[in-house]
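Below: the structure, in structure tokens.
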Ligand SMILES: Nc1ncnc2c1ncn2[C@@H]1O[C@H](COP(=O)(O)OP(=O)(O)OP(=O)(O)O)[C@@H](O)[C@H]1O
Ligand SMILES: Nc1ncnc2c1ncn2[C@@H]1O[C@H](COP(=O)(O)OP(=O)(O)OP(=O)(O)O)[C@@H](O)[C@H]1O
Ligand SMILES: [Mg+2]
Ligand SMILES: [Mg+2]
């Protein structure tokens, strides 16, 4: 299980005056579940592309600093390992799922990475079926990939990454076109994989209300920089940063901040303040506690 | 009519053939059409291709493409007829040029040859997924996969281009661009896009390489979910192809 | 819109069926009428047929059975380009729509086809790009924008056309909170001006806040044609259609159990209700299980 160290990373696309990433410093421990969010154009996808090697292997530009993968065998810079070799550790879902699909039939698409990484063919059927089930597309197994709806294509791309069960999963807005049911199911599967197999998950998402209860760390980006990062309960205290960046504060946290404003709760940084609720359930419990005067 | 030439998934005997067999088939047709210097055998060859297309259930697409190619064929014939000077003059033209019987024959042969060659490659592309072609080139012909990609990009360039044109046409129509002026206005409205189109098509090929590599394509020790190895039928077909070339070159 | 007075039936699907070449029946006998001046949200599971339905309203798809009328005209008899003067369409995948090498040209393409030029064209493009916060990118190649930015570029190119009907396939997907609110504000403004707006979305909060009418599709059939309130009250329908209540509605329902109500559900109004209840003292509230506070965090 590699640890990821992003060391003073800056990147500028060719012929652009502003850097898409500016001096990013971030360490991701093996088995961490990291959610990255931020405004459109903040540099989230660019950051993911630096981790999975698309930058610099496919995307030209000016790169400074480096991303390192650290295993017990040693430490290597992503830019110095060939992309296929990176695929042994890293599975990616791009922000453009349609552009990622290379096979004509859904099941072949899922099998593709398994074949490349030398998985025993006798295991494939089961792994394919499992990944399809997890993404709710078992009925599309024999379907042509170019005749799917947008959300179905996105599910195929996710299933293809899940089937590989790599040590690091990188997902760029994987639920942007999924229905609410599918979104919940996919995020649930990710969190299970992370919990049971200790897989590192790095996910860019706008739906932080769903991710806050699942992730270990929440990272807020703006204009190429990391503005705020930490455990979700800690990050969600800084409502002003969210407002400033135009990022939605999840409803449970918003309720708490409003309660502080109403004087029903002490300021969040005072010693006796309760933790920020992450789910509707937690918000309910908090309200109930307040009403019954605990 | 849609002129979108893409892989059309189906479970026909033609689809089942190995990519290499079909590639060899297309090359055989290419060779045969070069050997044939008169219209009749070429027509027979074209009919045979249509027959195969019918078996593969892609005849509608092939007929659609042939309709488009017919326009190119007419241009070819006209050019040959105008500038071919050998043979008996049938109709004298200006500047010492004349329409000759051999000119017509030659023009028609050229046009048919073009039709046959393009059809055979389209047939190959419509019944073979790109991925299978790259795989077989790499696995069986030991082509380094950079070159395999180069080859497939070149081969698929026209179809990718046509797909792109198709998408753009939909996007244009959906924003009130009127094509009612017919074929000419269609071509003209795409003209300013010629350069971006080429770059879009190339980018697509690159995106495919990226998608494949980030999923480990190129690692040693590849396994196969469904083994895409040539089977007895494939070897039989290839044998028939060699025989066809030999026999036909003896008789022509 | 003077051509289509408010309330005039503008988009009509009658016994609409669509079967794809693969044999997949994506729409089975859909009947729906959209009137001029309406703002309608179309929702449902992935693969339910939302995109297929709306592509019938701009003529890109033709019914395989039944009829689709746009402004009273059968879409089979009118060209897509002709229909585009009435209905403009934002594609689900921005990369299916963008084909210019410069953002200005991309946005100017539609208005040019409508016969605009010169100052008016420049002004239309500028204000459309401004509306989606891309004014600074006017000379850039759209291929070099982030995905969210590309999607907004396609929205701008449709805004600039100002057609009576706008159809947007998931306009806020991949947008951050602020951008999606801004996009919705623009659509509301157009709606106020009399434009008819149809949008496909998976964002339930947006449905709850912005739509007057919701069409729920499931497996090619119309499961509900009603108001958002009607939708969020039907638990079984929500389940069948793979939908969820927005978190704020969820919280509101939960807090109702505690006897708290707010006329407009927002976190702030609920907090205010809660605070005023606390000030009245805990005795007012009749908690069925007063001993439960031991379970609180
Ligand atoms: N290929 C490219 N060439 C030049 N500039 C680019 C390219 N791709 C992205 N950019 C620019 O770099 C910045 C960061 O883009 P990036 O795609 O990382 O944003 P993002 O945070 O992922 O946004 P979104 O939420 O819209 O996906 C943006 O300002 C964008 O315009
Ligand atoms: N070109 C096509 N050929 C065959 N079947 C198709 C084609 N396009 C879509 N389908 C199928 O038709 C059904 C409806 O697709 P549609 O794109 O309308 O779904 P949707 O409701 O827009 O879904 P999403 O939310 O994922 O975009 C799906 O089951 C899909 O697999
Ligand atoms: Mg992005
Ligand atoms: Mg859709």
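Among the residues of the stretch C:112-152, those identified as more than 11 Å from chain A (Cβ to nearest Cβ) and either assigned to a loop (DSSP other than H, G, I, E, B) or in contact with a strand residue (DSSP E or B) (Cβ under 7 Å, 6 or more places away or on another chain) (or both) are C:114, C:115, C:116, C:117, C:138, C:139. Being away from ligand 3 (no atom under 16 Å from the Cβ) and in contact with a strand residue (DSSP E or B) (Cβ under 8 Å, 6 or more places away or on another chain) holds for only one residue in C:30, C:107, C:80, and it is C:30. Of the residues making up the stretch A:3-30, those that are buried (at least 16 other Cβ atoms within 10 Å of the Cβ) and under 12 Å from residue A:202 (Cβ atoms) number 4.
Away from ligand 2 (no atom under 15 Å from the Cβ) and either within 14 Å of another protein chain (Cβ to nearest Cβ) or in contact (Cβ under 8 Å) with a residue 40 or more places away in the chain (or both) - does that describe any residue in the stretch C:215-225? There is at least one residue in the stretch C:215-225 that is away from ligand 2 (no atom under 15 Å from the Cβ) and either within 14 Å of another protein chain (Cβ to nearest Cβ) or in contact (Cβ under 8 Å) with a residue 40 or more places away in the chain (or both).
In this entry, residue C:26 is excluded by the filter for residues that are under 30 Å from residue C:245 (Cβ atoms), in a loop (DSSP other than H, G, I, E, B) and near ligand 2 (Cβ under 9 Å from one of its atoms). Looking at B:25, B:37, just one residue is touching a residue at least 60 places away in the same chain (Cβ under 8 Å) and in a loop (DSSP other than H, G, I, E, B), and that residue is B:37.
Of all residues in the stretch C:65-89, those satisfying the criterion of being closer than 18 Å to residue B:175 by Cα, under 24 Å from the mean Cα position of the chain (by Cα) and not in a helix (DSSP H, G or I) are C:70, C:71, C:84, C:85, C:86, C:87, C:88, C:89. Within the set C:238, C:260, the sole residue that is out of contact with any strand residue (DSSP E or B) (no Cβ under 6 Å at 6 or more places or on another chain) and modelled with pLDDT under 90 turns out to be C:260.
Assess whether residue A:43 counts as being out of contact with any helix residue (DSSP H, G or I) (no Cβ under 9 Å at 6 or more places or on another chain) and more than 16 Å from ligand 2 (Cβ to nearest atom). In short, yes. Among the residues making up the stretch C:23-58, those that are more than 22 Å from residue C:166 (Cβ to Cβ) and either surrounded by 20 or more Cβ atoms within 10 Å (Cβ to Cβ) or within 16 Å of ligand 1 (Cβ to nearest atom) (or both) are C:26, C:45, C:46, C:47. Scanning the stretch C:60-78 for residues that are away from chain B (no Cβ under 14 Å) and in contact with a helix residue (DSSP H, G or I) (Cβ under 6 Å, 6 or more places away or on another chain) yields a total of 1. Just one residue in the set A:204, A:227, A:219 is within 16 Å of ligand 3 (Cβ to nearest atom), more than 9 Å from chain C (Cβ to nearest Cβ) and in contact with a helix residue (DSSP H, G or I) (Cβ under 7 Å, 6 or more places away or on another chain); that residue is A:204. Considering the stretch A:243-267, the residues that are touching a residue at least 12 places away in the same chain (Cβ under 8 Å) and under 24 Å from residue A:23 (Cα atoms) include one that is surrounded by the fewest Cβ atoms within 10 Å (Cβ to Cβ), namely A:246.
Looking only at residues in the stretch A:17-40 that are in a loop (DSSP other than H, G, I, E, B) and in contact with a helix residue (DSSP H, G or I) (Cβ under 8 Å, 6 or more places away or on another chain), the one that is farthest from the other protein chains (Cβ to nearest Cβ) is A:31.
Yes/no per residue for (1) within 23 Å of residue A:208 (Cα to Cα); (2) surrounded by fewer than 20 Cβ atoms within 10 Å (Cβ to Cβ); (3) more than 16 Å from ligand 2 (Cβ to nearest atom):
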| position | (1), (2), (3) |
| --- | --- |
| C:139 | no, yes, yes |
| C:148 | yes, no, yes |
| C:157 | no, no, yes |
| C:173 | yes, no, no |
| C:182 | yes, yes, yes |
| C:196 | no, no, yes |
| C:202 | yes, no, no |
| C:206 | yes, no, no |
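The residues in the stretch A:106-150 that are in a loop (DSSP other than H, G, I, E, B) and within 16 Å of ligand 2 (Cβ to nearest atom) can be counted, and the count is 8. Count of the stretch C:97-137 residues, restricted to those that are over 24 Å from residue B:190 (Cβ atoms) and within 16 Å of ligand 2 (Cβ to nearest atom), is 0.
Within the stretch A:149-184, the only residue that satisfies the criterion of being surrounded by fewer than 22 Cβ atoms within 10 Å (Cβ to Cβ) and without any contact (Cβ under 8 Å) to a residue 12 or more places away in the chain is A:149. Take residue C:155 and tell me if it is modelled with pLDDT of 95 or more and more than 14 Å from chain A (Cβ to nearest Cβ). Against the criterion (modelled with pLDDT of 95 or more and more than 14 Å from chain A (Cβ to nearest Cβ)), residue C:155 does not qualify. Evaluated against (1) farther than 17 Å from residue C:224 by Cα; (2) away from chain A (no Cβ under 14 Å), residue C:16 falls short on exactly one condition, (1). Somewhere in the stretch A:43-60, is a residue free of Cβ contacts under 8 Å to residues at least 24 places away in the same chain and under 24 Å from residue A:167 (Cα atoms)? Within the stretch A:43-60 (the criterion being free of Cβ contacts under 8 Å to residues at least 24 places away in the same chain and under 24 Å from residue A:167 (Cα atoms)), the answer is yes, since at least one residue qualifies. Of the numbered criteria (1) modelled with pLDDT of 75 or more; (2) within 12 Å of chain C (Cβ to nearest Cβ), the one residue B:186 fails is (1). A single member of B:212, B:241, B:208 is part of a helix (DSSP H, G or I), within 14 Å of chain A (Cβ to nearest Cβ), in contact with a helix residue (DSSP H, G or I) (Cβ under 9 Å, 6 or more places away or on another chain) and modelled with pLDDT of 85 or more, and it is B:212.
If the condition is being assigned to a loop (DSSP other than H, G, I, E, B), over 17 Å from the mean Cα position of the chain (by Cα) and either at pLDDT 90 or above or within 16 Å of ligand 3 (Cβ to nearest atom) (or both), then the stretch A:47-78 contributes A:58, A:59, A:60, A:61.
Only a single criterion out of (1) crowded, with 23+ Cβ neighbours inside 10 Å; (2) modelled with pLDDT of 95 or more is not satisfied by residue C:98, namely (2). Residues of the stretch C:57-73 include none that is touching a strand residue (DSSP E or B) at 6+ places or on another chain (Cβ under 7 Å) and free of Cβ contacts under 8 Å to residues at least 12 places away in the same chain.
The values are calculated or read from the model by the stated rules, or taken from the named source; none is laboratory data. Values in this document were obtained by computation on a predicted structure and should not be read as measured data. Note that we place each Cβ from the backbone using ideal geometry, even for glycine, and neighbour counts take in every protein chain shown.
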